[in-house]
1. With viscosity set to 0.890 mPa s at 25 °C, what whole-number translational diffusion coefficient in µm²/s follows for segment B:352-426 from Stokes-Einstein and a Kirkwood radius over Cα pairs?
2. For chain B, what does -39500 (n - 2.57) per DSSP helix run (n ≥ 4), summed and divided by total residues, give at 222 nm, in deg cm²/dmol to the nearest 500?
3. Say each of B:Ile125 and A:Lys220 gets a label point 7 Å from the Cα, pointing the same way as Cα to Cβ; how far apart are those two points in nm?
4. Determine ³J(HN,Hα), in whole Hz, for all residues of segment A:169-186 in sequence, where each value follows from phi through the Karplus function 6.51 cos²θ - 1.76 cosθ + 1.60 and θ = phi - 60°; x replaces Gly and Pro.
5. Roughly how crowded by other chains is peptide A:266-277, in terms of the mean Cβ count from those chains within 10 Å of each of its Cβ atoms?
6. At a Cα cut-off below 16 Å, give the aspartates and glutamates reachable from A:Lys203, other chains included and same-chain residues fewer than 8 away excluded.
7. Gain in length, B:Asp349 to B:Lys337, computed as 0.36 nm per residue apart minus the alpha-carbon separation, to one decimal in nm?
8. Exposure proxy check: A:Met296, B:Met451, B:Met97, B:Met310 ranked by fewest other beta carbons within 10 Å?
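What follows is calculated from the coordinates using simple rules that are stated; it is not laboratory data. This one's a predicted model, so the numbers in the text were calculated from it and none came from an experiment. Reconstructed Cβ throughout: ideal geometry from the backbone, glycine too, with neighbour counts over all protein chains shown.
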Amino acid sequence: MTFFEEFWQLLKKNIRDYGMYIALFVIMAFFTIATDGIFMSSRNISNLLNQMGYIAVLAIGMTLVLVIQHIDLSVGYLAGFLGAIAAITLTAWDLPVWLVIIMVLILGVIAGLATSLMVVKFGIPSFVATLAGWLIYRGALLQATLRTGTIIIPNDSFNAIGNGYIPDLPLPDFLPELHKLTLLLGVAAAVLIVFSEISSRKKKIAYDFDVPSNNIFIIKLIFTVALIGAITYILAGYNGLSWTAVIVLVVTLVYHFLTTRTFLGRHIYAVGGNSEAAELSGISVNKITYVVFGSMGMLAALSGILFASRLQSATTTAGQLFEMDAIAAAYVGGVSSAGGVGKVTGSLIGAIVMMSLSNGMNLMGIDISTQYIVRGVVLVLAVVFDVATRKQGK
Amino acid sequence: MSVPILVMKNITKEFPGVKALDNVSFQVEREKIHCLVGENGAGKSTLMKVLSGVHPYGSYEGEIYYEGELRNFKNTHDSEIAGIAVIYQELALVPEMTVYENVFLGHEIHNGISININETIKQTIQVLEKVGLDVNPTARVKDLGFGKQQLVEIAKSLSRNTKLLILDEPTSALSETDSENLLNLLRELRKEGVTSILISHKLKEVISIADKVTILRDGESVVTLDGHNGEVNEDILIKHMVGRSIENIYPSREHKISDEIIFEVRDWNAYDPNRGRVILKDMSLDLRKGEIVGITGLVGSGRTELALSMFGNPDGYRITGQMFLHGHPVEFNNPKKAIDAGVAYVAEDRKADGLILIQDVKENITLANLGRISKGGVIDENVEIKDAREYTKSLDIRTPSIEQKVVNLSGGNQQKVSLAKWLYVEPEIMIMDEPTRGIDVGAKYEIFLIMNRLVEEGMSIIMISSELPEILGMCDRVYVVSSGRITGELPIETANQEEIMRLATD
């Protein structure tokens, strides 16, 4: 098999996975040209990542909820409400930031467990249970902000979560235009990926499994390194890596690992693929439901923290329509509406795609009404592509 | 001689990577019962899908003449209008609707825009009489048993003036009596001018009913035999189906049964709160090391319920009674506990309860015992691939790769994946619920060989089956179940079909 044949076959086989990256690339290229490069500027990309943080973490949690054939409509206002709780405990109660964050995350988990209790114990469809949650948290948010209206958060370390950047190395003379720690982390990440890929390839060869040819492997590595290099360079050109980006990155990595490499992940996909068979294979469907909704609640809390911190305040409309953005991002990212299929990395890309569209169209000065229509069309196109390529896979 | 009702000429149908039908010709005479047999994957269902328009005109090569005319069905609606009806294994009824609503679904009797319910019910009663089904037309379909649902489905097709009725393995989920009734119905319909094409794996049934038999193998039509001049018998059919003769359908084994009772159930009662009635009454049974014990009975007699109640009770029955493993009392609150104790359950309906169809072979095999391939909850992919390949090889699962999605495999190979999954947990006791349902002769034989190997290695098997020859051919002992009670226990030496049927209808 020649190099190109192998390349072409790999591409065809994985078109579902690569399709979204290609779409993202096309969208980014289009906006870069249409805005004379402003879209790709360090400042704009950095901004874009910070804007999508609170949707991205929701989309990751929503991925698992959709995979096990449920839905959670309550997460938007839950995020808003928990953001308000954070604001109140920070300002009126004067609690330390770390304690507030831990407390709010735990409250999120409890809220998620309460939802799944309705689903598991009383057999209420998740759509209905979380629609009730949507109403309840919306009311709770309004009550929390009733007396004061918007609650301003005058706490710098809390606000840094949504607005701040990681500190730089104390070397003012070396590469003054760039953020050195960001570059260093990028290099470290690239080295780590290269080594882990090589070691995984060696293990596979030791087991006598088929692996892609050397050429393909090297190209893939070069491509990955170049991609990390480009992102790092762009971010280093502004203020470096933001705390939001760090959080999203960590959440993605943890969830990616959990879903692809562990017991728990396998069990979640098994329940989504066929819950009867999963139950009879010794997997507790109820337990998985609790875990998935619990994690969703926690990520809703995290989303609320990110959003409150970004606005430096809790508002009466915080969280409005977040759940819809998260669901859209997950579907754009390849989650199957029939359940059992969907990757957290896909949903992250989905969130970036949707945010790039808004951001790019904003830069072009396109009216918000048109923006909604374009995003709706993209959502439909993404799902059509997904369904079409799935059929081809058979 | 009149024009044949159906002539399919040189049909070729390709799917990506496979030629499902290769130049098949198939001819059906008017007012006959024509059986279509072949192993799974031989192309029977594909041929019928080409005929009925599921695979539309243009997606296949060849010509279809129906009632002497060249027809190009673009969808199932076209073929329905022409008078062709297909009844699949998975019934196309709406469970929440009534019998009469189902029978006239899609061609409702109406005055203007409102449905004429009285007329509908009247005509439903007529057509139900035709199929010999005595139920209230206003009953909900979900409250009927499977056999009756199937008759509703046939009634539905008759209400549309069907001339050619195609039944895809209609009896595979039916008890002996229900099957017999269904076959009699086909004979009745034949008198009234309805031609039937019957796809079946049950050769005895084919021999008893067929006017003609066509055998397909690997997408080609091998031969068409006449059912009336004595040239059709089981040996000949099997020989044509597999391309070789199988000396004995039930392979022999060395019996290594020890006296040690490994598993025992005593005074077992179960109440199902969902159905609001007692489903198992005072059942007691035991199982020895190295033994295959059969449990048989009619559909609905409580065989599967018994298995589930012993296997961690996932449906939440209220159970009284005792269960012993190696003489120690045990209690399984969920399937996981049963699995951990060394009990496996190969589900009756592998698609609904056994496999995750959208996942690949590898993930299905390791699902019930991920602990074997992981450390601290993290799965070692390489060990998983290695193990999955081993099991795929040792059970001879025919799949392009272990990354193939299970949904794309044939029934026999799916069943082997289901078996592999349970062998992967290395159980001591395996409960196999209808292990050969809907799979072909060749694959059955292989499953039996595997079962023999397992008991020779010291495993014990409880085999639930409604196929009496299979029970008699494979088991060392058999329990007969009727209406939730054990009505008899027979050593295999004295068991015969008549005695079992007598106990099963007790």
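1. 203 µm²/s
2. Result for chain B, helices only: -9000 deg cm²/dmol.
3. Between B:Ile125 and A:Lys220, the simple spin-label model gives 7.0 nm.
4. 5, x, 10, x, 8, 7, 6, x, 7, 10, 8, 5, 5, 4, 4, 4, 4, x
5. Mean shielding by partner chains, rounded to a whole number: 6.
6. Qualifying aspartates and glutamates at Cα under 16 Å: B:Asp380, B:Glu381, B:Glu384, B:Asp387.
7. 2.1 nm
8. Result, fewest neighbours first: B:Met97, B:Met451, B:Met310, A:Met296.
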